[in-house]
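To start, the structure itself, in structure tokens.
Read-outs: derived from the displayed coordinates by stated rules, not from any lab. Nothing here was measured: the structure is a model prediction, and the numbers come from that model. Virtual Cβ from ideal backbone geometry, glycine too; neighbours counted across all protein chains shown.
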Amino acid sequence: MKNYLRAIVLFLFTIVLLNVGLAQAKEYSYNGSFFSYERFLPAMVLLESIPRKSGPQGEINKFAIDFSEGLYALSSEEYTRALQKLLRARRIWPEYFGTDFLIALVYESQRDIRVAAGYYKGYLNKLKAFEAGEYPISGRVIQSIITSEADRYDIAYELVRDHLDFRGIDIDDVNMPFSSFPAITRFVIFVFLFLTIYMPIRYFIVPHMKRRKRMKYLQGRYWICKNCDTANLNLLKECGECGRKK
């Protein structure tokens, strides 16, 4: 009973914290350029204010650390460090679309617009999935840290599309980064690659190596039947197993 009440209290406290954080974040709303890291500063402030806990909330804490450090590095134009931190944050909490957007800004700052376009599209796809309610667990946290009206799929899509079109890239022809594929897709790709490597080794290379090793061992005293692979004494003219001549 005590554990049940404790769980209810923790749940209510979390809801209150998120609502308070949302109110705080609204005060930091940024009305500048859409393609700026600064509009994610309110999200960083809110994420850093979440108390340190273990379990699922602990993962959010880990994400907040890498996300904040990546954002600080990006603001200082330390692009290598920013990319390292933001990619790690993305692995911890892949549903949050803002991380993809910041990674795109890093690549674009390094004049790698093709790779940046992939992360812009990842941002849009995750934003669309969020609005469709496909993130029931983390969706409320994401909702609490959205402070820009531009983070609506219809608005964001037009802005990103025009941004890339100006640089000669059609958003519909852009492929998302590999790591943003669904887990089942990554698994299928892994199995395919594994079989592509394993099958030739297992059924061609290994038997060939074993045969060569065996022939070397038996050389001078036996001959190997090419039909059934049986070792026969050199004195025999026919295979003792299948009758094939030497």
Peptides ranked, highest mean first, by Cβ atoms within 10 Å: ranges 155-166, 106-117: 106-117, 155-166
Order by protection proxy (mean Cβ within 10 Å, highest first), peptides 129-135, 146-152: 146-152, 129-135
Each residue of the range 151-161 in turn: what ³J(HN,Hα) in whole Hz from Karplus with 6.51, -1.76, 1.60 and θ = phi - 60°, glycine and Pro shown as x? 7, 10, 4, 5, 6, 4, 4, 5, 5, 5, 4
Describe numerically, in nm with one decimal, the distance between label points set 7 Å from Cα along Cα→Cβ at Arg167 and at Glu48. 2.8 nm
Return the aspartates and glutamates within reach of Lys62: Cα separation strictly under 16 angstrom, same-chain partners fewer than 8 residues apart disregarded; answer none if there are no such residues. Glu48, Glu95
Estimated FRET transfer efficiency when R0 is 41 angstrom, pair Arg152-Asn227 (beta carbons, to 0.05): 0.05
